[in-house]
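The values are calculated or read from the model by the stated rules, or taken from the named source; none is laboratory data. Keep in mind the model is a prediction, meaning the values are calculated, not measured. Cβ: placed from backbone, ideal geometry, glycine included. Neighbour counts: every protein chain shown. Side chains are part of the model used for accessible areas, which takes the heavy atoms of the whole protein and leaves out ligands, DNA and RNA. Shrake-Rupley method; radii C 1.70, N 1.55, O 1.52, S 1.80 Å.
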Amino acid sequence: MLDLQRLRALHAVSVHGSVGAAAAALGYTSSAVSQQIAKLERETRTVLLEREGRGVRLTDEAWQLAGTAQKLLAIVERAETELEERRGRPAGRLTVAAFPSAARGLLPPVLADLARRHPGLDARLSEVDPHLSVDLVAKGAVDLAVAHDWDIAPLPAPEGVEQAVIGEDLCDLLVPAGHRFAGRTAVRRSELGGERWVCQPPGRVCHDWLLRTLRAAGHEPDVVHQAEENPTLVALVAAGLGVALIPRLGRGPLPEQVAEVPLDPMPVRRLYALWRTGAARRPAIAETVRTLQEHWPRASSPGPR
């Protein structure tokens, strides 16, 4: 008999790409995941992982077994959903993936609220890129994801994944306090030429949106500084090193050296909750989505300076 937990460990490595990332997603240590897979190799008399540089790669047999594991885990999920549905209350473990600003600005009070009202629910958060999180839901690596898209780059939901809108996050132009736009009631996108920009690295949704938007307005962006986290971008603007377009969610209070100016039209990104269709009847999913929507109005407000 193949052990389900060992199959779960192999499936996690296939989804997350490394033993360390799989361990973080499962809440285990890397050595524990390695031990589970070593035992699975002995049970199956098959090599599943091979060393490749500093990491590992799955063998062809491992990929085949990981595909079977995904089907078995889906069956287990359906059984757990039916039991939870019969009880009529959220319970059990719920793994949630969210992009950084949602993990910082929205999820903490949501998770605290869920823990207070539903002590039988064990919700666990992982911070991931929004596009990766959708794939993690589809593959069964997480139960629910909070992701976002922009007006010019809609978020695709693969087959077997359902979604609900949480809310709309407005995006402001942030400039140094002495900038020519500081104090303006609005700035048109056509006026943004010649600015020095700070933004996230290439491949990130916000970076791609900035380039596409400015190019559509006839400007080639001059990106002089790149950083992953919005607080770092705000600090760069405060130092007078450029301007930035930053959403309000999770941004926090702005320092006195930074002025907030609305763009006309104002950029908007939409937040979604996503989950597998097979888990749609699970009370934990429905309650978490409802709680996300309930907390959204406060989380999306810019807050005091």
At a 1.4 Å probe radius, carbon and sulfur cover how many percent of the accessible area of the chain? 51 percent
In Å, what Kirkwood hydrodynamic radius results for the stretch 119-161 from the alpha-carbon pair distances? 11.6 Å
Space enclosed by the convex hull of the alpha-carbon atoms of the stretch 180-219, per residue, Å³: 83 Å³
In the chain, what percentage of the DSSP-assigned beta bridges are antiparallel, given to the nearest 5? 65 percent
Working only with C-alpha atoms, what are the Rg and Dmax values of the stretch 128-190, expressed in angstrom? 17.4, 51
Report the full-extension gain for the segment A286 to R196: residue separation times 0.36 nm, less the Cα-Cα distance, to one decimal in nm. 28.0 nm
From Cα coordinates alone, what are the radius of gyration and Dmax values for the chain in angstrom? 22.0, 70
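When the helix-only estimate is applied to the chain (DSSP H runs of n ≥ 4, each -39,500 (n - 2.57), divided by the residue count), what is the mean residue ellipticity at 222 nm, nearest 500 deg cm²/dmol?
-13000 deg cm²/dmol
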How much length is gained on full extension from D222 to L241, taking 0.36 nm per residue of separation minus their Cα-Cα distance? 5.6 nm
With a bin width of 10 angstrom, please list the P(r) values of the stretch 177-305 as percents of all Cα-Cα pairs, from the 0 bin to the one holding the largest distance. 11, 36, 31, 15, 7, 0
Just to make sure I understand: if all protein chains stay in place, what is the order of E77, E162 by accessible area at 1.4 Å, largest first? E162, E77
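Under a Cβ-Cβ cut-off of 12 Å, what is the net charge of the residues other than L72 that fall near it, where Lys and Arg count +1 and Asp and Glu count -1?
+2
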Which percentage, to the nearest 5, of the DSSP beta bridges contained in the stretch 50-200 is antiparallel? 30 percent
Give the relative contact order (percent, whole number) for the chain; include only Cα pairs under 8 Å separated by 6+ residues. 22 percent
Out of every Cα pair in the stretch 1-105, what percent are spaced more than 21 Å from each other? 42 percent
Rolling a 1.4 angstrom probe over the protein heavy atoms, how many square angstrom per residue are accessible across the stretch 58-121? 53 Å²
Output ordering of 52-61, 232-241 (per-residue mean of other Cβ within 10 Å, highest first) is 232-241, 52-61
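First select every other residue whose beta carbon is under 13 angstrom from the beta carbon of H219; then total the charges, Lys and Arg +1, Asp and Glu -1. Write out the running numbers ahead of the final one.
On the way: positive: R188, R189, R196, R212, R215; negative: E191, E195, E220, D222.
Net charge around H219: +1.
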Given axes a ≥ b ≥ c from the Cα gyration tensor, I'd like to know whether the stretch 114-247 is rounded (a/c under 1.5), prolate (a/b larger than b/c) or oblate. prolate
Let me know the Kirkwood hydrodynamic radius for the stretch 237-305, please, with Cα pairs as the basis and the value in Å to one decimal. 15.0 Å
